[in-house]
Amino acid sequence: MKVRSMKLKEAHTAKSGGAAFCSVLWDQKAKHLITASSSDVAICIHDSLFPSLAPKTLRHHRDGVTALALSPNSTCLASGSVDHSVKLYKYPGGEFERNITRFTLPIRSLAFNKSGSMLAAAGDDEGIKLINTFDGTIARVLKGHKGSITGLAFDPNGEYLASLDSTGTVILWELQSGKIIHNLKGIAPDTGLDVSTMNVLCWSPDGETLAVPGLKNDVVMYDRDTAEKVLSLRGDHIQPICFLCWSPNGKYIASSGLDRQVLIWDVDRKQDIDRQKFDERVCCMAWKPTGNALAVIDIMGKYGIWDNVIPSSMKSPTEDIPVKSKSNGVVYFDEEDPENSASENSSDVGGNSNQESEPPSRKRSRKQSLSEENSGEDGGEEIVSYPKVDTNKKRNRPSKENLDSVNMGFRGTMVTSKAKMQEPFQPGSTPVQPGKRRFLCYNMLGCITSIEHDGYSHIEIDFHDTGSTPRVPSMTDHFGFTMAALNESGSIFANPCKGENNMSTLMYRPFSSWANNSEWSMRFEGEEVKVVALGSAWVAAVTSFNYLRIFSEGGLQRDVFSLDGPVVTASGFKDKLAVVTHATDGLLSNDQKLEFMVFNIPRGTLLLQGRLPLSPGSSLSWFGFSEEGQLCSYDSKGVLRSYTSKFGGRWIPLFSATKEKSDENYWVTGLNASKVFCVVCKKPEDFPQVMPKPVLTPLNLSFPLASSDLGGSEAHEKEFMMNNLRLYEIQRTMDEMASVGLDTTSLDDDAFNFEAAQDKCILRLIAACCNSDKLVRATELVKLLTLEKSMRGAVKLVTAMKLPNLAERFSSILEERLLEEAKKAMETNIKENSVAPVTADALPNRSKAPTHTEALNAVTMSSSPKLSVPSFLRKDKTQERAKAGTSKTAMVNENLKVKQTGEETSDKVGKVVQQTSHPYDPSTKSSNKNGLNKSETSLGQSNRPSNPFLKSETSLEQSNRPSNPFLKAIIK
């Protein structure tokens, strides 16, 4: 066979005349050629119709470009480089889109799946990243190689990924589970440290066979399912093959060797039909999608087009191209344990029970004649298969006619059998944006930002209140931190696993310390930090091993224990650490099933544990504590919830974004007792940019109430429910403080202010009920009033609205409340007297103990006129003791008065009882203003000067409205 030669055109200049690995690609319509070189930072897009035109160049890498990949529809171009980055561009325009991922070592190979939704990237790191191209998330990392990965190829049917490393090992991965199906060790040449030579491999267009460079200067074909050698192409290559590629119809293969030859093979006839000799080694080739041509590029950066590769007497390389399955090519990952997923998948899919644990998507034998024909060509290569398969078995494989329906059915089965679980996230962080500063942390205290620059990152810490917080100098980040947490004492940083040892780093930086070098760091080999949190004198990190690690502020490793499931997020507040984990796999409805736990770190106790509610079809977007320490969550449907101990511990919805503007998204940063603070983003943006500086917008908390039949009272109903929640939380806090012997006086004023505000709100609701003729509801509301003054105001309100029956009912409720208070006070006083009774000898000019009537009067005089609180009961031990002492003194004074008044007191008590049995009489006039003045003086000596009843007496005296005769008798 005559050896031809062709001239090449320079596209890239090699550094110092040295060899470099170069790449060449055709686009889908063969209008352009794309070239790159590991010695040049530029990517060149050449016009194939007008080759004399200067190529368009893309210069976004800082070092040579080692790998190119073009999506099947030619809309997205990916490039990998020696600078460790993988970048995406729009095609054919070439506009830079984003940095989709980074490695710690140079990239060597890239590959798109057939739908273009996933990009596989690998290099010297020995790990393969499967990246979702639509959002840049890492779907999976495949680890199993022991050398630089130089070749990647997706199975055209969307089931497998094949990879080849520099040691000659080929691994077949099942995409759904991420498992190693076959590990073929040493079947390809060992390229050593020569980066200008890349071991490559490629699937046939029909996906039936995998072509790999052989050890005998040949091309070896392996079965897609059994990994058996089915044939080899051995010809005139006198040195190992370094590149090969299939023609579009799968009938021909082009191979390039270290001997500077390119051979064209007829696969069916297993012989070479043409060859070309070059001055330098050809390191990459690409068949023209629409014609009989082959593009080549050598190690010196020179490229050319070999026209009429296939003789006209033979079938064109673009004729009879195999029809690919019409499935969408989307891969649904199985998150099960690799050791168990094989058997579980077969049962989930509902496969043939006779196949036992054999996975449904593999183990098909080639035609028997083909296997027998090449059975003697096994060169003794080591083939290790996972799991072992009986090669005599044939898998039930669909015919070409039924391939579409089978693929669609299989895909649908996998969608329903496994839902995607939410990935871990750091509260207050934003995704990586190429060339832009991003938030590592943003909370109510301040923010931490980072921007990548020349292989490292620049980190800054800013506080919202610059006057009361320290100024923290910026830092240079050489670790590549991707998450952080911030509080008043310091900041914590962490990064994912990277480097040869697969290390993850955790670093704490205090803002002030009495000692030098108070900063510390921890490293985890093979264990990746997923989420970090800070609290009072402690640091927490949750890792990929589901370990919760607790450190002291000084770096002491205090505790480490396992969580029940993979972590989603975590947050710290003072002594509390809250962690959210997956309770189970995702539900069939794609809902997340999450669980939360709250720990007290100093005490080492579990405070709370339960399920975390989410809106249907949503995921968790933010999680943390309010300024008062209430646990809160915010989901992707815009619902904010707060945890309360009411009803045994429940999550209460406090805010819904659907009630706000429809064209806005809300990026939550924190909240307090009345407002949620967020950054408003215009749709479709989900998070803010660092520049310009985002503005925090306070939005009112409100319950998602139903539309009420009280016109215009929705705001009052929301206020009523919110006040109830606050009063309950204050009471719970007071109970906790009292249980440990702490003084609750500091919360007394807050409780009283909320009581007064709640009474005002209830009075407005009563007015709305009266206007809407909802008198039963008004009666229910008046029973919830706390203060006597408010109840009298309600009586006056309904009287002014000309509702005498309702006024009479309100008066009865008031009188019943007053009697109940009197009885309770008397019982309390009797108990106190049983401990320290006042004897007759102790009373001057008195020969007997007080009578029952006198005791009742004494109790009435000493007790506070404040009403009982049905929904909020104050408990203050200090005030109770002071009140008890006041009651005893008042009793002695009252007994002295009784001696002078004789039987007058008992007659008045009888009148009180008689009057309480009659309805409220508005015509009754006050006849004892002097008595009111005296009661004001005695009440002024109470230990609770903030009681509004003391303030209300003056208004009662000056008021001309009828007074309650029951109250007059009691006070006197």
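Can you tell me which of GLY455, GLY467 is open to solvent by 20 Å² or more (accessible area, probe 1.4 Å), free of Cβ contacts under 8 Å to residues at least 24 places away in the same chain and over 24 Å from the mean Cα position of the chain (by Cα)?
On the way: GLY455 fails: free of Cβ contacts under 8 Å to residues at least 24 places away in the same chain.
Among GLY455, GLY467, only GLY467 is open to solvent by 20 Å² or more (accessible area, probe 1.4 Å), free of Cβ contacts under 8 Å to residues at least 24 places away in the same chain and over 24 Å from the mean Cα position of the chain (by Cα).
To keep it simple, each residue is scored yes or no on (1) more than 22 Å from MET444 (Cα to Cα); (2) open to solvent by less than 40 Å² (accessible area, probe 1.4 Å); (3) without any contact (Cβ under 8 Å) to a residue 12 or more places away in the chain; (4) within 23 Å of the chain's Cα centre (by Cα).
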| position | (1), (2), (3), (4) |
| --- | --- |
| TRP520 | yes, yes, no, no |
| THR543 | yes, yes, no, yes |
| THR569 | no, yes, no, yes |
| GLY572 | no, yes, no, yes |
| ASP575 | no, no, no, yes |
| ALA578 | no, yes, no, yes |
| ASP585 | yes, no, no, yes |
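PRO602 meets the conditions (1) more than 22 Å from ASN487 (Cα to Cα); (2) in contact with an Asp or Glu (Cβ under 7 Å, 6 or more places away or on another chain) in every case but one. The failed one is (1). Of the strands (runs of 3 or more DSSP E) that lie entirely inside segment 1-115, those containing 3 or more residues that are outside the structural domain of ASP454 (by the TED database) and not small (Gly, Ala, Ser) span 22-26, 32-37, 43-47, 56-58, 65-70, 85-90, 96-102, 107-112.
The rows are residues; the columns are (1) touching a helix residue (DSSP H, G or I) at 6+ places or on another chain (Cβ under 6 Å); (2) of a type outside the set (A, V, I, L, M, F, W, C); (3) over 30 Å from GLU685 (Cβ atoms); (4) surrounded by 22 or more Cβ atoms within 10 Å (Cβ to Cβ).
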site	(1), (2), (3), (4)
ALA139	no, no, no, no
ILE180	no, no, yes, no
SER196	no, yes, yes, no
GLY207	no, yes, yes, no
LYS216	no, yes, yes, no
GLU228	no, yes, yes, no
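Looking at LYS661, LYS682, which one is more than 20 Å from the chain's Cα centre (by Cα), outside the structural domain of ALA751 (by the TED database) and within 25 Å of LYS436 (Cα to Cα)? Result: LYS682 is the single residue among LYS661, LYS682 that is more than 20 Å from the chain's Cα centre (by Cα), outside the structural domain of ALA751 (by the TED database) and within 25 Å of LYS436 (Cα to Cα).
Got at least one residue in segment 621-631 being open to solvent by less than 70 Å² (accessible area, probe 1.4 Å) and acidic (Asp, Glu)? Before the answer, list the steps.
From segment 621-631, those open to solvent by less than 70 Å² (accessible area, probe 1.4 Å) are 621-626, 629-631; that's our starting set.
Next cut, acidic (Asp, Glu) only: none.
No, segment 621-631 has no match at all.
Evaluation of MET721 against the conditions (1) part of a loop (DSSP other than H, G, I, E, B); (2) among the aliphatic types (A, V, I, L, M); (3) farther than 21 Å from TYR666 by Cβ shows that the sole unmet condition is (1). Taken over segment 82-94, the residue count meeting the criterion of being free of Cβ contacts under 8 Å to residues at least 12 places away in the same chain and open to solvent by 40 Å² or more (accessible area, probe 1.4 Å) is 0. The numbered conditions (1) open to solvent by less than 10 Å² (accessible area, probe 1.4 Å); (2) under 22 Å from ILE107 (Cα atoms); (3) in contact with an Asp or Glu (Cβ under 8 Å, 6 or more places away or on another chain) are all true for ASP223 except (2). Consider ASP236 carefully, then state whether it is assigned to a loop (DSSP other than H, G, I, E, B), of a type in the set (D, E, K, R) and open to solvent by 30 Å² or more (accessible area, probe 1.4 Å). Yes; evaluated as a whole, the condition is true for this residue.
State the number of residues belonging to segment 710-756 that are under 30 Å from MET801 (Cα atoms) and either of a type in the set (Lys, Arg) or touching a helix residue (DSSP H, G or I) at 6+ places or on another chain (Cβ under 6 Å) (or both). Of the residues in segment 710-756, 8 are under 30 Å from MET801 (Cα atoms) and either of a type in the set (Lys, Arg) or touching a helix residue (DSSP H, G or I) at 6+ places or on another chain (Cβ under 6 Å) (or both). Among the residues here, ASN724 does not qualify as under 25 Å from TYR643 (Cα atoms) and either assigned by the TED database to the domain that holds TYR643 or surrounded by fewer than 16 Cβ atoms within 10 Å (Cβ to Cβ) (or both).
Within segment 116-134, the set of residues being acidic (Asp, Glu) and either touching a Pro at 6+ places or on another chain (Cβ under 8 Å) or open to solvent by less than 40 Å² (accessible area, probe 1.4 Å) (or both) comprises ASP124 only.
Among the residues of segment 84-93, is there at least one that is of a type in the set (Phe, Trp, Tyr) and farther than 16 Å from GLY136 by Cβ?
yes
Every test in (1) open to solvent by less than 30 Å² (accessible area, probe 1.4 Å); (2) of a type outside the set (A, V, I, L, M); (3) modelled with pLDDT under 95 is passed by THR35 save one, and that test is (3).
Listed by first and then second residue, the pairs with beta-carbon distance under 6 Å, at least 6 apart or on different chains, first residue in segment 95-113 and surrounded by 20 or more Cβ atoms within 10 Å (Cβ to Cβ), second modelled with pLDDT under 90, are ILE100/GLY136; PHE103/ASP125; ASN113/GLY329. Set side by side, the residues SER5, SER16 differ, and just one is over 28 Å from ILE310 (Cα atoms), open to solvent by 60 Å² or more (accessible area, probe 1.4 Å), at pLDDT below 90 and among the hydroxyl-bearing types (Ser, Thr, Tyr), which is SER16. Among the residues of segment 634-645, at least one is in contact (Cβ under 8 Å) with a residue 24 or more places away in the chain and surrounded by fewer than 19 Cβ atoms within 10 Å (Cβ to Cβ).
For the condition open to solvent by 40 Å² or more (accessible area, probe 1.4 Å) and assigned to a strand (DSSP E or B), PRO684 does not qualify.
Which residues, counting only those in segment 545-562, are open to solvent by 50 Å² or more (accessible area, probe 1.4 Å) and assigned to a strand (DSSP E or B)? Across segment 545-562, the qualifying residues are TYR547, GLN557, ARG558, ASP559, VAL560, PHE561, SER562.
Among the listed residues LEU775, LEU814, LEU763, which satisfies the condition of being in contact (Cβ under 8 Å) with a residue 12 or more places away in the chain and surrounded by 20 or more Cβ atoms within 10 Å (Cβ to Cβ)?
Unique residue meeting the criteria: LEU814.
The residue pairs whose first member lies in segment 431-449 and is farther than 15 Å from PHE481 by Cα, whose second member is open to solvent by 50 Å² or more (accessible area, probe 1.4 Å), and whose beta carbons are closer than 6 Å, counting only pairs six or more residues apart or on different chains, are GLY446/ASP462; GLY446/HIS464. When GLY610, GLY624, GLY565, GLY572 are screened for being in a loop (DSSP other than H, G, I, E, B) and either modelled with pLDDT under 95 or within 30 Å of ARG523 (Cβ to Cβ) (or both), only GLY565 passes.
Tallying residues that are open to solvent by 10 Å² or more (accessible area, probe 1.4 Å) and in a strand (DSSP E or B) within segment 242-283 yields 11.
Scanning segment 646-681 for residues that are open to solvent by less than 20 Å² (accessible area, probe 1.4 Å) and among the β-branched types (Val, Ile, Thr) yields VAL668, THR669, VAL676, VAL679.
The values are calculated or read from the model by the stated rules, or taken from the named source; none is laboratory data. Predicted model only: the values in this text are computed from it and were never measured. Virtual Cβ from ideal backbone geometry, glycine too; neighbours counted across all protein chains shown. Only protein heavy atoms, including side chains, enter the accessible area calculation; ligands, DNA and RNA are left aside. Shrake-Rupley method; radii C 1.70, N 1.55, O 1.52, S 1.80 Å.
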